[in-house]
Structure formats: structure tokens, C-alpha cells
Amino acid sequence: MTAALQVSGLAKRFGEKTAVDHVDLTVPQGSFYGLVGQNGAGKTTTLSMAVGLLRPDEGSSRIFGVDVWADPGQAKALVGVLPDGLAMPERLTGREVLTYLGLLRGLPPDVVAGRAEELLSVLGLKEAEKTLVVEYSTGMRKKIGLATALLHGPRLLVLDEPFEAVDPISAATLKTLLRGFVAGGGSIVLSSHVMALVEQLCDHVAVIDRGRVAAAGPLERVRGEGSLEDRFVELVGDGEAGVRELSWLS
Amino acid sequence: MAVVTAGARLAPPSTIAVAMTMARMKAATLRHALRGQRAGLVTSGGALGLALAGGTVFLAVRGLPGGADADLLAAAYAVWMFGWILGPVFAGGGDETLRPEHFASLGIPPRRLAAGLLAAAFTGVAPVISLLALAGLVVHGARQGAAAALVAVPAAAMTLAVFVLLSKVAVAALGLALRSRLGAVAAGVVNGAILAFLGQGWVFAVAFGQGARMPSGVVRALPSGWGLVATEAAAAGRWAHAAGVLAGTAVLIAVLLAVWAALLTRRLGAPRASTRGRRPMRATTGTGVVLAKELRTWSRDLARTHQLTFALAYGLCFAGAPLVLGWSGMLPWAGPLAVLMAAAMSANLYGGDGTALWLTLMSPGARDVRGRQLAWLLTVAPVALVVTVAGAALAGGPWALPLAVLAAALGGGAGLVVLVSVYGLVPGVDPHRRGGNPLRVSEDDGAITGTAYLMLVLAALTAVPAGLVALRHGWAGVPVGLVTGALFAWGFGLLAERRLRAYGPELLHIMRTGRRPSGGSAGGLSSSLSELPAGQRAVVMVCMSLGAIPLVPQGIVAGALLSGGASEQSWFLALYMPPDLRWPTVAFMVLLGAGMYATGLTIFLRARRAARGGAA
């Protein structure tokens, strides 16, 4: 079966710094795939290149077999993306953003209206009906971002830090929603540095360290006997014994 | 090393300590700027400022005590003061290297924070240059005796403090004003009017000159003239008067500092956007929905509201100013001028939306460029047309020429705003991160100002063909303007669409990081510019931004008027010349302007070829 997302040999340098160093990832259809790594490990850069938001120096990315860079139109119709910290059309309300993006994606107006209504009520954004996105809190921005990713009914979701700054109640809603998406045959790639969350949700995981894949595969195989956190520290820890304390606080 | 235990209660740092620390932070960023990409801008701006300061001091050297030349010096300082107030407004928020938000969590009392930020504000190129210009006061004093020179020294320093503080208060007040629609409109009107009147300053000089001489009362009553008043009082031996004026300046400084501190505390907290009724989006097509989004952004983003009213007020006031001389011939040009200024203000249309570009990239079929062009036209054209028609009616014509130029400039502007903002993209600050200063649409206001100037020139050039036809053949110019306008809008839009499709990810990367991708060809104009050595870059910037002045108004337009046998001198140097020197003046101006463009372009292209050759 074709992989939902197949990333081969992706590489990106920014000046002297190698951000992503020949990353290979295979996200099988129907999997819930977690990407974990420290700050600056290259998760966001990898995901941006995988969905066509950043041009790689080397390597390729295929979504359901469609090359993202050779046939962007078809590839981008198959994926819903939640990037981390990028702007939206800020002077629109949540409903207007969804209407706008749905029509841009080529959906019929009545379908857009129905889906926008449902997304706003499920994600708890209905009470902010008259609020412009520029006035949204960080958590609300994540939710409206997720709504735009789900709107056109993609078969693959690529989510960069979807749970950051989201309150616990909304996080529970989100988890139910994402599990339902996978149960219905969809595939998800999400990045996070919260190990417990990845362990709880994902069935596959890849550990990224300094731009390379340190380990990848089904969750059980990667973490082995211990917890994912122990395995993670073992894989990416720089060998210095223990975490140091601050001299004036201890 | 002193030992400070955790949880110890520390006294807040003294005013002096805060000021010193912030001045050092500012100096550090300045050092980076001088080594970095903006070095060219800093040096070219600095050179221009030095020339102006030299000119001001020259007025003092040449001046006659108490005579009309001292009035001229006072007037020059008034111009410096308005420059301080308006510069940051035009450049998008002023110098914000250190922002109050950065220190909000430190618990520094507001006055002390203001004093610290003030110290940082004094650390820079512009204050040093202004101080040089203010040294003219000391020169002026020295010509009248040692006592006057002695008074002039503190007077100069205090005047500089007034300039810097006025600038800070203006920016802070404007930031607050921009939290409401009414405030944004009012600020746009005031700023546009001041800029226009500065540009038309000579009109008023001539108007007042016809009466008797410079309005010496006015230029001395302004805070910028108080230093001169004190110096002159000292020269005349009226010590109490001199001391009183200096004390008054000190009081003004204290008041401004207090006002600024009060404004700073109010600025923390995000600005409120307008909350009017929301009409539902009824668009059903791709372009239609982009248009709907853009029209909503134009009416809801107060920074854009400010830009539009600014452009309109500028056009109206610039064209209306010669009424002071009883000459209404410029009125029909209010509309075209407003269009040019509106295009200049929209020169970074894509950059202003920040990283929202990712959504355009993720929906490849959409016609984002066309929707934006249409929205710009719908926002600017109706009011510009009304203003032009009304102006022509009031002035009793001409009709064909301004209407032809208006049509051409509207189309040219609609094409150029998307083209320039895609090719010369200046990374914007994402709207939700603008913080307490809604004018702060970009971190790089040098580049913003540069593209705005470039846009003024380019948009004016798109109107030249229609204007020439209208001059020769009257009404035939209007259809020509409509056709060239449509062609420019269509063609430039097409180029912008291609650019977005081919280099979208690179442009997004620029927005995201504020940096150009290494070795990429995506940066276009401004990245090639930034690869030039600082000196050459300065030459290119000066040639490109100032070349239009001799070429277009003083050269081409003056020549056209001359060939038409114009009897009015209006505002063209050549027409003030003796008859046999008029055509040579026009020729000289055209050659000068064309030469400046040729020089700038040659250096630029050579550098780009060299860069490409090196990369290959």
C-alpha cells in the first residue's frame, strides 16, 4: 500500500547550520505518527519541507504517492496542515476564515457553510463569533488553525505542535477528534516535545536529533521496555551525567 | 563578587543605572546594524543628515544678528523639529530597538523606564546629527559675544532633548490613537497634512515673503526656536529673559517626559480592533473570496485605515497649499497625488500580512493576486476620482490631463503594489505580534521607506505615456490612460502571480525568519542590493530615490509646460529662469535625473551580474 507520507533524503542548510540532514520517514496509511525531538532538532523544518512550505536542498516528499514539489496542486489537496506560529488572515472572524479558505480550496459554498458551522461548534469557537482572529488567544489560534486543516476533508493531517497552549478541556476534545479521524482511515503526523502525549496518542514514532532520525518505527519497537521519555533521553542526551542545578537556587 | 541570595528583596535600580544600561543595549544593537545589512542605509541616511546639518550651520555662520537670517535659522530648526515628529510616522513606528514591552516584567517605575528609553533614544546617528545642526546656535551666539555663546550651549542640548521627546510622544500618542477607527483617521489626516505642508514649505515662505519677511513670531514661538530666543536675549544682555526661556524649556522637557511615561504605561496591552457589525461573506468564487477578505482587511486593519487617510490628506493638502498664493491650478492633481501616495503606502502589501502567505501556498489554484488588485482599486479609485473631478471643477480645469493621469496611475498602482510587494518583499511583523505599536508593520523600516519611495517613482512613470498624449491631444489621453492602466495592472499582476508560484516557499521563508535564503535567487531587488558594498549601496539608494525629482517634475513636466507656452511659473524652477536659460535648465534637469537613474542602475546590474557569476 502507498504510504500516506513518504519523505526521502530531505536536507536543508541555513548558512553554516545544517537544520535537516537527510531525513527518511515513512508514514503508513491509517497510522498516528509522532515526531519528537528537542527544540531546534529540525521537526518544524522537516514538516515544512514535507508539505511544500519550504523548498528542500535535497530529497523529495510524496503524499499518497504524489510528489509535493512536482505536482503541488494535487498533493496539497490531499493534506491538511497546521503550521506552528504562522499568521492567518487576521482581520477576519473565525467563520470568515473558514468560508474564505473553503472557497479557495474549491468547495461549494453550501458545503463550506455547513462544515464551518460544525467545526466552530465542535471546537468551541462559536462564542467568539464576532472576534477577529488577530484578537484570539494562543489556544484559540491553534483551534482555528486545526479547523482550517480539517475543513477540506484531507486524508492526511500534518500538525506542528497542535497541543501547545491549548487548555485541558479543548485538548480532550482535540484528542477525541484526532482519534476519530484515524479510526475512520485517516493518517496523522504530529510533532511534539511532550512524550506522554505522544505515547498516549501515537502508534508510530520517530525521534529527531540534530537534523537526523535517531530512531523510527512502531511505538513499541522504539521505546522497548521502558518509557518513551527514558528512551528519548538515552537517544538524544549528550552524555553529560545528570541535569545540573542553579547555584543560587539550590 | 557580591553575594545575592535567592528571594532577596532588591531595590529597583536608580534612574542613572537604568539609563546607562539601556544606552549600552542600544549601542550594542547599533554596532550590529553598522556591520549588518542595514549599514548602507545607516551610512546614506547619515550622509544626507550631515549635509542638512552643514546647511543649517551655514545659515548661522552667514546670518546677521537679529535680522531676517536669524529668522531663517529659526525656521530651519522648525523643519528639524517636524522632521523628528513626522519621520517615524512615515517610516512606520520610529526607532523601536528597545521597546517598553521588553521591560514590562522588570517592575521598573514608569518615569525611570521612560528616562532609560530616552537615554537609549539619544544613542544613535540621528541625535548626533541633530546636535551638529543645533551647534549652529552656538555659532550664532558666538558671533554676538561670549555670553550668548555660553547660553547657546545648554540651549542646544535642551532643544535636542525637546526634539527627541516630541518624537517619542508623537509615536506613543499615535499608537494610542490607532486603537480606534476615529483616532486612526484623525492621525492619518494630521500626518498627511504636515508632510504635504513640509513639501510645499516654499509656498508659505513666498506667501509670507510677499507681506514683509519670514513669520519671525511663529518660528520663534515654536519650541524649536526657543534656543535662539534665549541666545539673542543673552546677547542683548537681558539675562532674566534668557534664563526664563531656558527654564521654560526645562519645564517643557519635564512635561514631555511625564506625558511619555504616562503614555508608555497605557501602551502595554494589545490594541483593540474595530468591532463593528460583521456582514456575512457572500462570495462564491476564488477571486471573489480573496476580494472579500481584502476589502474586510482594508476596513478593519487600523494601520491600513491610517495609510489611506494619510494618502488622501497628503494629496488634498499638497494640491491645496498653493491656494495660499491664490493659485488653484494644482487642485485637479489632488486625486492623482493621493493615488501615488496610496500606492507608496501599499508597496509592501504582501509583507504586511506576515506569514499568512502559507495559506496562499497551500491552495495553489487560488487567484490571490487578482483579488488583492481588485480590492486595492475598489478602495482607492472611487475617492480619488471624486477628488479629481471636484478639484478640476473648482479650478475650472484642466480636465483631460489629470483624468488621463489618474486612470493610468490607478492601473499602474494596482499592478505595481502586487509586483513590488512580491519582488521587493520586506518581511513584515505578523499582525498579532505588533504589540503596543500598531504602526510597526515591519522590523526593517529603512527598507519599507525605500520601497515606498521606489513605488512613488514607478507609479508616476506608469502615468507618463497617458500624460504626454493628454498634453498633446487633450481628451485622447483618457482612453490611453485607461488602456495603459489596464495593461499595467494585468501584466504586472501576471508577473507577480508567476513569482509567487515559482518562489512562494522562499518568500514565506523570508517572512518567517526575516532573512533571505542563502544563495537563493528569490530575494530579487533588495537582496541584490544588500550584497553591494556599503558605499555603492548608498549611491544606488540615493540615485534611485532622488532621481525622480529632477527628471519628472523639474525636467519633463516643466518642459511640457514650457512648450505649451505656460505663462504661470507655478512651481517649476525653469520657469523662474530668464527666457534664454529656461530650455537649458529643463535639459539639465532631465539629464541629471536620467543620469542618476543610469548610475544607480549600472552599479546595481553590475553587482548582480558579479553575484550571479560568483554563484555559478
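To the nearest 10 Å², what's B:LEU471's accessible area with a 1.4 Å probe?
We get 90 Å² for B:LEU471.
May I have the extent of the alpha carbons of the range A:84-153 along their three principal axes, as whole Å values ordered from largest to smallest?
Largest first, the range A:84-153 extends 30, 23, 19 Å along its Cα principal axes.
Which cross-chain or sequence-distant (5 or more) residues have an amide H under 5 Å from the amide H of A:HIS22, H modelled 1.01 Å from N in plane?
So A:HIS22 has HN proximity to A:ALA11, A:LYS12.
For the range B:50-57, in order, what is each residue's ³J(HN,Hα) by Karplus, 6.51 cos²θ - 1.76 cosθ + 1.60 with θ = phi - 60°, in whole Hz (x at glycine and Pro)?
Karplus-based 3J(HN,Hα) across the range B:50-57 equals 4, 4, 5, 4, x, x, 5, 5 Hz.
Buried by at least 50 Å² relative to the chain on its own: which residues of the range B:277-317 qualify, computing accessible area with a 1.4 Å probe on protein heavy atoms?
In the range B:277-317, residues shielded by partner chains: B:ARG278, B:MET281, B:VAL289, B:LYS293, B:ARG300.
Taking Rh as the Kirkwood radius computed over C-alpha pairs, what is the Stokes-Einstein D of the range A:8-126 at 20 °C in a medium of viscosity 1.002 mPa s, expressed in µm² per second?
Value of D from the Cα-based Kirkwood radius: 130 µm²/s.
Above 22 angstrom, tally the Cα pairs of the range B:286-515 and express them as a % of all pairs, no decimals.
51 percent
What is the average number of partner chain Cβ atoms found within 10 Å of a Cβ in A:102-112?
5
Which value, in Å² rounded to 10, gives the accessible area of B:TYR423 with a 1.4 Å probe and all protein chains present?
Rounded to the nearest 10, that gives 90 Å².
Setting aside same-chain residues fewer than 8 positions from B:LYS26, which lysines have a Cα under 24 Å from its Cα?
Within the straight-line cut-off, B:LYS26 pairs with B:LYS168.
Give the ranking of A:ARG223, B:ARG498 by solvent-accessible surface, highest area first, calculated with a 1.4 Å probe.
If we order A:ARG223, B:ARG498 from most to least accessible, we get B:ARG498, A:ARG223.
How long are the semi-axes of the ellipsoid equivalent to the range A:42-102, from square roots of 5 times the Cα gyration tensor eigenvalues, in whole Å, largest first?
For the range A:42-102, the semi-axes come out at 25, 15, 8 Å.
About its Cα centre, how strong a charge dipole does chain A have in debye, to the nearest 20, once Lys and Arg get +1 and Asp and Glu get -1 at the Cβ?
600 debye
Per the helix-only calculation at 222 nm, which mean residue ellipticity applies to chain A, given -39500 (n - 2.57) for every DSSP H run of n ≥ 4 and division by its residues, nearest 500 deg cm²/dmol?
-10500 deg cm²/dmol
If you find the alpha carbon centre of the range A:1-30 and of the range B:451-517, how far apart are they in angstrom?
39 Å
Tell me, how many Å apart are the Cα centres for the range A:119-141 and for the range B:295-311?
Here the two parts' Cα centres lie 24 Å apart.
Would you mind checking A:LYS76/A:LYS143; A:LYS142/A:LYS175; A:LYS143/A:LYS175; A:LYS17/A:LYS43; A:LYS130/B:LYS293 for any pair whose Cα atoms are more than 18 angstrom apart?
Distance filter (> 18 Å) returns A:LYS76/A:LYS143.
Which percent of the accessible area of the range A:85-162 is formed by carbon and sulfur heavy atoms (probe 1.4 angstrom)?
54 percent
Ignoring ligands, DNA and RNA and using a 1.4 Å probe, state the total buried accessible area between A and B in Å², rounded to the nearest 100.
Answer for the A-B pair: about 3600 Å² buried.
Can you give the accessible area of B:ILE253 in Å² (nearest 10), computed on protein heavy atoms with a 1.4 Å probe?
For B:ILE253, the solvent-accessible surface is approximately 40 Å².
The values are calculated or read from the model by the stated rules, or taken from the named source; none is laboratory data. Since this is a predicted model, take the numbers as computed values, not measurements. Every residue, glycine as well, gets a Cβ built from its backbone with ideal geometry; the counts of neighbours run over all protein chains shown. These area figures cover heavy atoms from the full protein model, side chains too; ligands, DNA and RNA do not enter into them. Shrake-Rupley method; radii C 1.70, N 1.55, O 1.52, S 1.80 Å.
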